[in-house]
Amino acid sequence: MVQAARTAASREALGPTLVRLAREGLDIVVVDADLGVSTSAAKFGREFPDRFFTMGVAEANMIGVAAGLAACGKIAFASSFAVFAPEHCLDQVRMAVAQPGLNVKLVASHGGVVTGEDGASAQAIEDLAIMLSMPTFRVIVPADVVEAEQAVEVAARSYGPFYIRTVRPKTVVIYDDSLRPFGSAQDRQAQGRPYRFQLGRWHLLRPGLDVTVMACGVMVKAALDAAELLAREGIDCRVLNASSLRPMDREAVVAAAAETGAIVTAEDHLVHGGLGGLVAETVARECPVPMAFVGMEDRYGTSGRWDELLEYFHLTPDRIAEAAREVMARKPR
Amino acid sequence: MAPTETVSIEQLEAIARRIRRHIVRMTTAAQSGHPGGSLSCADILTALYFRVLRHDPQNPRWPDRDRLIVSKGHATPAVYAALAEAGYFPTDELRTFRRLGSRLQGHTVMNVPPGVEMSAGALGMGLSFSLGQALAGRLDGRDYHVYCLMSDGDCEEGQTWEAAMACAHHQADNLTAIIDRNHIQNDGFSDYLRYQDGNRPQRPGGWVREDLHTVNIMSLEPFADKWRAFGWRAWQVDGHDFAALIAALEEAKAHKGQPTVVIAETTKGKGVSLMENNPTFHGKAPTPEQAEQALRELAD
């Protein structure tokens, strides 16, 4: 299925997309806390020096300055590693951005254990729980660089606070227009219609009726591979790209529960408070069905290559497939 | 809109007394709130809203208005009273302070009511926000000035010094910080400068006295030198002397090339004898009897 797929890091989407949008006339400014090369924000600074503000290694101040700029009508982007923003400056994100609902876009790279060799201190596995706890933030976890570009554009064009989580390593590009290996039957029929990220819509990457895997970020590829494994056993696995955590796709969850009767969530994040918890709240409230959660189980990461770490922490197609079989066995007969 | 006619010092003093009476009544009615640090900055707010700021109470979102960012978000009694006296909303509404359904929240909420520039309540956030506004003004070619009112506690937060570095780094000369330096905070005395007790030797670090107030919580001295070392132009003035305060603020606004700070030495609880230099009234409302006495002292 995966023919020599293109790889890219979703963090590379930020700078070039902001440059394009600013050239189109959007009143974008960027604040940076000494990680502009890593987050690609520096590419914006290179093109728009007057609209790029360096704050040094001072995330709390960076968020406050972004809020002040936003209060004057700017579309203020702030970027750092997820462990530094929001995690190092949580109060500033809450007080200066979330409570007044200001037009600040926090685009944090280095989400998840796939951050790799830098180890536990650099691996944000709590950020989604934190950001989902703030009522005014929209929370996006793009599956790849293509979706990340689109999410950044949607954030720039939509008023209010956004959190977008990207990753450090080069991962397989899911939405590679040249390959077009995935997508729903309707999508495949709609020739020439490229994927467009939409707030609150989870893309049906693979239809199925026996079980549904809802995944975000790097786990989307693992979910697709798990579905292939399950297909060999005759299990018809639906795969949804749950990139828009807030607003979430309630209808997709309810439909998955009704039509497949079993749900697995998969994320490079703690199993608590992120995608799994979000889906479980809707399932418990509206459509109780057996669920399983693939993610980090009450532990921090460690150093290692990103692909080794996914194996080490069981964030794998095998583990998702195992979880799918397990939830299917729990379906009421 | 600049004030069409200059408000005299005597008029400013009368306005400040009215604001102080509002502060006493609001906190007494709510039986909560922060009277001490509101009374200490009442003169600063009066000077700003009635002499210094270019603003229009009828058009609070005017893009060219000067901004006053209140970082000490617990000073809501003073902020709301000053806004009401300046004409942003009727003074009658002050009675609803801290009540369920009121716009007048315990700590400031951005744009609620219009005129409040920033949400605050956690200290240390105002200067960063002010820098964002100052940078936006410069980018947009607007000539407004940004003022940030801060407390002793604000200056104990690390974020303030991150912002102090950044303001100087970006040469934000359209920004003036004003410190309501009353030397008293939630737990007690910030340092020894307002603590008068000859019986107790001064010692490093904080110590807790019998009434559980702490003495010497965190000394900020040498305070003006800290700002200067961070690249700021600093003035120290008596924060209850309108002429001195206004002169310093005017000099600060005219100063180019670096951010400016006016350190206003003030008295916590200013104007109410039982509250002056008394840490008890940082976050505690007066009783009705105390309020009655306070209002007598503040009568015209």
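We did not get these values from a lab; they are worked out from the coordinates using the rules stated. These figures come from a predicted structure and were not determined experimentally. Don't worry about glycine lacking a Cβ; one is built from the backbone with ideal geometry, like all the others, and counts go over all protein chains shown.
Key figures for this structure:
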quantity	calculated
Debye-sum result for chain B in log10 I(q)/I(0), which assumes one identical scatterer on each alpha carbon, at q = 0.12 Å⁻¹	-0.73
DSSP bridge orientation in the protein assembly as shown - percent antiparallel, rounded to nearest 5	15 percent
Fewest-first ranking of A:Asp176, A:Asp307, B:Asp197, using other Cβ atoms within 10 Å as the exposure measure	B:Asp197, A:Asp307, A:Asp176
Sorted by Cβ neighbour density within 10 Å, fewest at the top, the residues B:Tyr192, B:Tyr147, A:Tyr163	B:Tyr192, B:Tyr147, A:Tyr163
Charge dipole of the range B:115-216 about the Cα centre (unit charges at C-beta), most positive-ward option of B:Tyr144, B:Tyr192, B:Phe129	B:Tyr192
Partner chain coverage, peptide B:165-176 - average Cβ within 10 angstrom	2
Residue-by-residue Karplus 3J(HN,Hα) for the range B:24-31, coefficients 6.51, -1.76, 1.60, Hz, glycine and proline x	5, 5, 5, 6, 5, 5, 7, 6
Debye-sum result for the protein assembly as shown in log10 I(q)/I(0), which assumes one identical scatterer on each alpha carbon, at q = 0.06, 0.07 Å⁻¹	-0.39, -0.52
In the range A:289-319, trypsin sites (Lys or Arg not before Pro) in a DSSP loop with at most 13 other beta-carbon atoms within 10 Å	A:Arg299, A:Arg305
Ellipsoid equivalent to chain A - semi-axes via the Cα gyration tensor, in Å	33, 20, 19
Residues B:Glu10, B:Glu117, B:Glu210 arranged by fewest to most Cβ contacts within 10 Å	B:Glu210, B:Glu10, B:Glu117
Under 24 Å, Cα to Cα: Lys pairs in chain A, sequence gap 8 or more or different chains	6
Largest-first principal axis extents of the Cα set of the range A:7-171 (Å)	39, 32, 27
Candidates per GluC sites (Glu not before Pro) in the range A:218-251, loop by DSSP, up to 15 other Cβ within 10 Å	A:Glu233
The range B:230-300: trypsin sites (Lys or Arg not before Pro) in DSSP loop, at most 16 other beta carbons within 10 Å	B:Lys256
All lysines inside 27 Å of B:Lys226 as judged from Cα atoms, apart from same-chain residues fewer than 8 positions distant	B:Lys72, B:Lys253, B:Lys256, B:Lys268, B:Lys270
Global geometry of the range A:43-119, whether rounded, prolate or oblate, following the gyration tensor of its Cα atoms and the 1.5 cut on a/c	oblate
Dipole magnitude of the protein assembly as shown about its Cα centre (Cβ charges: Lys, Arg +1; Asp, Glu -1), debye to nearest 20	1060 debye
Relative contact order computed over chain B (Cα-Cα under 8 Å; 6+ residues apart), in percent	23 percent
Modelled FRET efficiency - R0 60 Å, A:Cys287 with A:Glu24, Cβ distances, 0.05 increments	0.90
DSSP-defined antiparallel bridges as percent of all bridges, the range A:7-171, nearest 5	5 percent
